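Take a look at the structure below.
The values are calculated or read from the model by the stated rules, or taken from the named source; none is laboratory data. All values reported here derive from a predicted model rather than from experimental measurement. Counting neighbours? That spans all protein chains shown, and the Cβs are built from the backbone with ideal geometry, glycine included. Quick note on the areas: whole protein, heavy atoms, side chains included, nothing else; ligands and nucleic acids left out. Shrake-Rupley method; radii C 1.70, N 1.55, O 1.52, S 1.80 Å.
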Amino acid sequence: MSTVAQPVTATESSARQSVTLAGALNRALGDALEADERVVVFGEDVGPLGGVFRVTDGLAARFGESRVWDSPLAESGIVGTAIGMAMNGLRPVVEMQFDAFAYPAFEQITSHLAKMRNRTSGRVGLPVVVRIPYGGGIGGVEHHCDSSEVYYTHTAGLRVVTCATPADGYRLLRQAIDSPDPVIFLEPKRRYWSKETAELTVDGPALHEARVVRPGRDVTVIAYGGMLATALEAAEMGRAEGYDLEVVDLRSLNPFDDDTVTASVRRTGRAVVVHEAAGFCGYGAEVAARLTEQCFHHLAAPILRVTGLDIPYPPPKLEAHHLPNADRILDAVARLQWEDEPGA
Amino acid sequence: MTEGLLPTDEPIQLIDPAGSRTVTTTFDLPDRETLTALYRAMVSGRRFDAQVTALTRQGRLAVYPSSRGQEACQTGTALALRPQDWLFPTYRDSVAVVTRGIDPMDVLVSFRGDWHCGYDPRQHRTAPQCTPLATNTLHAVGLAHAARLKNEDTVAVVLLGDGATSEGDTHEALNFAAVWKAPVVFVVQNNGYAISVPLHRQTAAPSLAHKGIGYGIRSFRVDGNDAAAVYATVSAAVSAAAAGAGPVLIEAVTYRMEAHTNADDATRYRQDDEVAHWLERDPLRRLATFLGLKGSEFDDEAELLAADVRTRAGTDASPSPESLFEHVYAERPVMLERQMVDALDLPAGGRSGVEGLEEDGRGTR
Ligand SMILES: Cc1ncc(C[n+]2csc(CCOP(=O)(O)OP(=O)(O)O)c2C)c(N)n1
């Protein structure tokens, strides 16, 4: 096996096609395995079954069990051995079956995956991708719906990325696998089956960049992962109410793309941050603090957060009360101290 | 079904505490040249350890967990590795790391508080000394499995303590290694205590080596104060693992002569007569007697090493605050660049490529 870096080429997937997020991620894994023989994929049920969400469907048959295989059932073991493999020149992409089941791997992720490069003064980097299906909205029971992003974003040394659409999921996963840094790759389960007709390519915004998905004049709505579609829905509904919302998809939660987000907020003068996770000490708190520090003189109103409640994830019959929806986003927009008509 | 998986009732011993050959059929005695190399490494290791302990008392180090009493385990393991093999040591294993040929001052970088790891793991095929207990076992399994996938002839040898065997990662590592048939050797230095907690509060297993059978791993129990036995057992395990026979678990029964670290007071949890018992089983004297040496043969060399450590530890390194912002990621993200400019009060104008900085020269964060 050679250890020479392979350039990312996405030619295999470049025709426009109708594809789900799960399908796009599957294509990304297949193309990465094809492009770079150092890439290996392992985890619980990711082999012949193709993962419980079928994101690794067909890969074991296509690439053989020395590239894609089922590991024993132990999350710390999966991440810990991925670290050793990366120390020996491989580029492991591992799957945690569900958000809350990644917690046994927390020590390996925070104490080693995040810190090895720093500890060794740059001599040992760990290009490992930890894929985590995350978030609610699928009627899942306890332990299957957590939005666990801040456990990781608080840890320096990890890149934390969320994908929201099929085309961007493909791009981000290819970029994550190509990154010399460890990446926590959060996949919103509720969007796995949403479709888009798009070209799958790595070209476009880089791994660390946010993107303005919908331009607007009145308010910057900042979202990521499963909440991007909800924010876009709010923007459509808001049009009828006279609000022109700009929607930003953060994509990279750490590092944070201050430049793209502050430019938007300076333009609109108002901001709402949306996420599924609890608001208290949530990711939105950091966003609001940073924007206040950097855009204070451009702000016409306090920055508001629309988030999950400060409770353990509720049972399926109650999750709709917990999760932000387009109405709650528009309620927040309406509270942004409008003296004049929006857009005036 | 369980053949070869269980350890022998008595720990493997090739040389007894009095320095005589033990009658055994397990492994051949290493040749005289190897035994002399082991002795020489133990003399250096003990002198290094004593010097570092003294420097710690003088306040020159932040902390130091001593290897004294465990020299046979640490040199026996380090010397049994082939150049292409990897060692995964813990905070306790400085003597093993020095024996591996790493500059003693580079080993002391972390204990002095200058940085977290002072040597190049890739160059020396030695992972950073690991502090979170048992986590290094999984790294060793992963590295070894990758070696197999790449058709490399590399074995990973991981050191851990008796306390670390209770951690979940040890269980996961033994299981992964066995299922994957990874070329890994687990060397447990059972030194009787995890800080203050004695072994009988750690496990109800007949021995730590007995744990291997539950994973289908061949296991050995060895006299950890007999350098010849440790060396022979680890060498055999490395050869077997390299030949594709899968992982091996070795429990080396030894004793920690010093307190857990310089900050610990061992008199709070153990008796002097226990320490005296182990002094009689000293690994250095045992091998010197067997080899018919006076015991002072390598003293000059060890003294030179200690003097060198003394001199070089006498000057304080002054790590630069800028290094705080290095190697967090492969490339410094813009937000960290700005925080660095801010925290270090650097003139923004003087740092080209830092966009988004306010005119007064402070970072916008
Ligand atoms: C996960 C974890 N828990 C607790 C500690 C604190 N700690 C450091 S050393 C130690 C005892 C370890 O005992 P053992 O594994 O027998 O090794 P020894 O120190 O005796 O070499 C403890 C509890 C730690 N380093 N890591």
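A few notes on this one:
- Filter result (open to solvent by 10 Å² or more (accessible area, probe 1.4 Å) and within 19 Å of B:Asp120 (Cβ to Cβ)) within region B:65-81: B:Leu81
- Of B:His145, B:His139, B:His116, all but one fail to be within 7 Å of chain A (Cβ to nearest Cβ), part of a loop (DSSP other than H, G, I, E, B) and at pLDDT 95 or above; the exception is B:His116.
- Among the residues here, A:Ala24 does not qualify as in contact with a Gly (Cβ under 6 Å, 6 or more places away or on another chain), free of Cβ contacts under 8 Å to residues at least 24 places away in the same chain and not acidic (Asp, Glu).
- Checking every residue in region A:332-340 against the condition of being open to solvent by less than 10 Å² (accessible area, probe 1.4 Å) and touching a Phe, Trp or Tyr at 6+ places or on another chain (Cβ under 8 Å) gives at least one match.
- Test result for B:Ala140, buried (at least 24 other Cβ atoms within 10 Å of the Cβ) and either away from the ligand (no atom under 12 Å from the Cβ) or over 20 Å from the mean Cα position of the chain (by Cα) (or both): yes
- Output for region B:45-63, where each listed residue is polar (S, T, N, Q) and open to solvent by less than 30 Å² (accessible area, probe 1.4 Å): B:Gln51, B:Thr53, B:Thr56
- Screening A:Val150, A:Val141 for residues that are in a loop (DSSP other than H, G, I, E, B) and aliphatic (A, V, I, L, M) leaves exactly one candidate, A:Val141.
- Just so you know, in region A:114-146 the residues that are open to solvent by 40 Å² or more (accessible area, probe 1.4 Å) and of a type in the set (Val, Ile, Thr) include one that is nearest to A:Pro316 (Cα to Cα), and it is A:Val141.
- Qualifying residue in region B:94-106 (condition: within 14 Å of another protein chain (Cβ to nearest Cβ) and more than 21 Å from A:Ser111 (Cβ to Cβ)): yes
- Pairs where the first residue, in region A:104-130, is more than 9 Å from every other protein chain (Cβ to nearest Cβ) and among the β-branched types (Val, Ile, Thr) and the second is away from the ligand (no atom under 16 Å from the Cβ) and not in a helix (DSSP H, G or I), C-beta under 6 Å, 6+ apart: A:Thr110/A:Thr155; A:Val128/A:Pro92; A:Val128/A:Pro182; A:Val129/A:Val93; A:Val129/A:Val183; A:Val129/A:Phe185; A:Val130/A:Val94; A:Val130/A:Ile184
- Residues of region A:285-311 satisfying the condition of being among the small types (Gly, Ala, Ser) and touching a residue at least 60 places away in the same chain (Cβ under 8 Å): A:Gly308
- For region A:72-86, a residue qualifies if it is at the interface with chain B (Cβ under 7 Å from one of its Cβ atoms) and surrounded by fewer than 24 Cβ atoms within 10 Å (Cβ to Cβ), and the qualifying residues are A:Pro72, A:Ala74.
- Unmet criterion (only one of (1) in contact with a Gly (Cβ under 7 Å, 6 or more places away or on another chain); (2) among the aliphatic types (A, V, I, L, M); (3) touching a residue at least 40 places away in the same chain (Cβ under 8 Å)) for B:Ala237: (1)
- Those helices (runs of 4 or more DSSP H) of region B:271-365 in which at least 3 residues are out of contact with any Ser or Thr (no Cβ under 9 Å at 6 or more places or on another chain), within 14 Å of chain A (Cβ to nearest Cβ) and modelled with pLDDT of 80 or more, considering only elements entirely within it, cover B:334-343.
- Residues within region B:148-159 that are within 16 Å of the ligand (Cβ to nearest atom) and either open to solvent by 30 Å² or more (accessible area, probe 1.4 Å) or away from chain A (no Cβ under 13 Å) (or both), tallied: 1
- Test: B:Tyr231 is aromatic (Phe, Trp, Tyr), within 16 Å of the ligand (Cβ to nearest atom) and on the phi < 0 side of the Ramachandran plot: no
- When residues of region A:276-303 are limited to those that are open to solvent by 40 Å² or more (accessible area, probe 1.4 Å) and within 14 Å of chain B (Cβ to nearest Cβ), the one nearest to A:Tyr170 (Cα to Cα): A:Glu286
- Applying the criterion of being touching a Lys or Arg at 6+ places or on another chain (Cβ under 9 Å), among the aliphatic types (A, V, I, L, M) and touching a residue at least 24 places away in the same chain (Cβ under 8 Å) to the residues of region B:189-210, the residue that is farthest from B:Arg148 (Cα to Cα) is B:Ala194.
A quick yes/no check of all residues on (1) within 14 Å of chain B (Cβ to nearest Cβ); (2) surrounded by 24 or more Cβ atoms within 10 Å (Cβ to Cβ); (3) touching a residue at least 40 places away in the same chain (Cβ under 8 Å); (4) part of a helix (DSSP H, G or I):
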site	(1), (2), (3), (4)
A:Ala176	yes, yes, yes, yes
A:Pro180	yes, no, yes, no
A:His208	yes, no, yes, no
A:Ile222	no, yes, yes, no
A:Glu246	no, no, no, no
A:Ala263	yes, no, no, yes
A:Val274	no, yes, yes, no
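For (1) over 24 Å from A:Tyr103 (Cα atoms); (2) over 17 Å from the mean Cα position of the chain (by Cα); (3) more than 16 Å from the ligand (Cβ to nearest atom), each residue gets a yes or a no:
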residue: B:Glu167; (1), (2), (3): no, yes, no
residue: B:Thr170; (1), (2), (3): no, no, no
residue: B:Asn175; (1), (2), (3): no, yes, yes
residue: B:Gln189; (1), (2), (3): yes, no, no
residue: B:Leu199; (1), (2), (3): yes, yes, no
residue: B:Phe220; (1), (2), (3): yes, yes, yes
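Conditions tested, residue by residue: (1) more than 14 Å from every other protein chain (Cβ to nearest Cβ); (2) within 16 Å of the ligand (Cβ to nearest atom).
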{"position": "B:Val43", "(1), (2)": "yes, no"}
{"position": "B:Leu55", "(1), (2)": "yes, no"}
{"position": "B:Ala62", "(1), (2)": "yes, yes"}
{"position": "B:Leu79", "(1), (2)": "yes, no"}
{"position": "B:Asp120", "(1), (2)": "no, no"}
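- Candidate set from region A:87-103 (those that are more than 8 Å from chain B (Cβ to nearest Cβ) and assigned to a helix (DSSP H, G or I)); member that is nearest to the chain's Cα centre (by Cα): A:Asp99
- The listed residue being open to solvent by less than 60 Å² (accessible area, probe 1.4 Å) and more than 16 Å from the ligand (Cβ to nearest atom), out of B:Ala205, B:Ala259, B:Ala266, B:Ala307: B:Ala307
- Selected residue (criterion: least open to solvent (accessible area, probe 1.4 Å)) from residues of region B:1-28 that are of a type in the set (A, V, I, L, M) and either at pLDDT below 90 or assigned to a loop (DSSP other than H, G, I, E, B) (or both): B:Leu14
- Of the criteria (1) out of contact with any Ser or Thr (no Cβ under 8 Å at 6 or more places or on another chain); (2) more than 11 Å from the ligand (Cβ to nearest atom), which one B:Ile195 fails: (2)
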